[in-house]
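Heads up: the structure comes next, in structure tokens.
The values are calculated or read from the model by the stated rules, or taken from the named source; none is laboratory data. Nothing here was measured: the structure is a model prediction, and the numbers come from that model. With ideal geometry, Cβ positions are generated from the backbone for all residues, glycine too; neighbour counts draw on all protein chains shown. The protein model used for the area step is the full one, side chains on, heavy atoms only, and it has no ligands, DNA or RNA in it. Shrake-Rupley method; radii C 1.70, N 1.55, O 1.52, S 1.80 Å.
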Amino acid sequence: MTTLYVSHPASFDHEVPEGHPERPARMRAVERALEDERFAGLVRASAPKAEIEAVTLAHPRAYVDALVAAVPEHGMVGIDSDTILSAGSLEATLRAVGGGMHAVDAVVGGGCRNAFVAMRPPGHHAERTRSMGFCLFNHAAIAARHARQKHGAERVALVDWDVHHGNGSQDIFWDDAAVLYCSTHQMPLYPGTGASSERGEKDTIVNVPLRPNDDGEVFREAFETGILPRLESFRPDVIVISAGFDAHRLDPLANLRLEAEDFGWATRRLMDVADRCAGGRIVSILEGGYSLEGLGKSVAAHVDALMGR
């Protein structure tokens, strides 16, 4: 059983203004990290372009159509001060959606043990009817719903360790008893959601906020005590990771002090749960990470762990 790596050059065509932190150079940092010879055993695949209908697994059709219509033929337009549409944005985000679905097919279908999908823009801030926080469509949420719809997964866990709370994923799964959403994140910080009291209508939202300047030791304790026990009791059929790496100490957009190996550790702990509950099935989807050095090192540690090292 092998680890699948899914990407596509369309990620580079989602353009943003000069100085924007969610820039194409992020993908180059990921690619360079995974060019190391120790990753030669990865199964590499190009992300297919999802059909528009697939996006409606997490977003209403009217919202999807409105976003598609807003994509410019040339140049860039701003949805808000942070979230940009360019001529290449639609293909990039549809391939991010398709990459997540392809990874679910490979992992749940039994072809690969686990998968890492590296595409941009990220997705976990995209709510049911609102694009924000650099995000257009919620790729991880769509992947979770795809696992249920196509593969009959009864329970899916979505674990989000991006430094910013995944308000979009929380919004989408707020009243969904079949999906457990678990998040560690810095608080206070954008987008302002993610208090531990936010538990969802079915008690399937688990928020474990961290404080500015918390380090890997605090993160690991929060993971061990706040998230892993809920995963064990939920017993998911598949685990989807919203894998943001902006909690790294070098990241310019936040104030946590994690090292790359903290992400490797968290990956291994989730693999332990997946081995006991989910046949080892994990699909990881890139979210944030805006220090190129921190992103590259963290992705390498994460994929090392997925490959069993």
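Sequence-ordered 3J(HN,Hα) estimates for region 144-161 from the Karplus curve with 6.51, -1.76 and 1.60 and θ = phi - 60° stand at 5, 5, 5, 4, 6, 6, 8, 10, x, 4, 7, 9, 10, 9, 10, 10, 10, 10 Hz, glycine and proline given as x.
For region 235-278, which whole-number percentage of the solvent-accessible area (1.4 Å probe, protein heavy atoms only) is attributable to carbon and sulfur atoms? Result for region 235-278: 43 percent of the exposed heavy-atom area is carbon or sulfur. Coupling constants for region 294-309 follow from the phi torsions by the Karplus curve (6.51 cos²θ - 1.76 cosθ + 1.60, θ = phi - 60°), and in residue order they are x, 4, x, 5, 6, 4, 4, 5, 5, 6, 3, 5, 4, 7, x, 9 Hz; glycine and proline get x.
Only alpha carbons enter this Debye calculation for the chain, each as an equal point scatterer, and the log10 of I(q)/I(0) it gives at q = 0.07, 0.09 Å⁻¹ is -0.22, -0.37. Residue-wise HN-Hα couplings along region 217-233, as the Karplus relation 6.51 cos²θ - 1.76 cosθ + 1.60 with θ = phi - 60° gives them from phi, are 5, 5, 4, 5, 5, 4, 5, 5, 9, x, 10, 4, x, 5, 4, 4, 6 Hz; Gly and Pro carry x. Judged by the mean number of other Cβ atoms found within 10 Å, the most tightly packed of the peptides 134-141, 64-71 leads the ranking 134-141, 64-71. Could you provide, to the nearest whole Å², the per residue accessible area of region 97-187 with probe 1.4 Å? Each residue of region 97-187 exposes 23 Å² on average to a 1.4 Å probe.
Each DSSP beta bridge with both residues in the chain is either parallel or antiparallel, and the antiparallel ones are about 10%. Computed over protein heavy atoms with a 1.4 angstrom probe, the accessible surface ordering of TRP161, TRP174, TRP265, largest first, is TRP174, TRP265, TRP161.
For ILE79, nonlocal amide neighbours, meaning residues 5 or more places apart or on other chains whose placed amide H falls under 5 Å from its own, are ILE84, LEU85. Taking packing as the residue-averaged number of other Cβ atoms within 10 angstrom, the listed peptides 99-110, 119-130, 211-222 run from highest to lowest as 119-130, 99-110, 211-222. Taking amide H as placed 1.01 Å from N in the peptide plane, the amide H of TYR5 sits under 5 Å from that of VAL43, ARG44, ALA45, PHE116, each at least 5 places away or on another chain.
Accessible surface computed residue by residue for region 1-66, with neighbouring protein chains in place and a 1.4 Å probe, gives 51 Å² per residue.
Close amide H contacts of VAL240 (hydrogens built in the peptide plane, cut-off under 5 Å, sequence separation of 5 or more or a different chain): ALA157, LEU158, VAL159, VAL283. Take every DSSP beta bridge whose two residues both sit in region 1-156; close to 40 percent of them are antiparallel.
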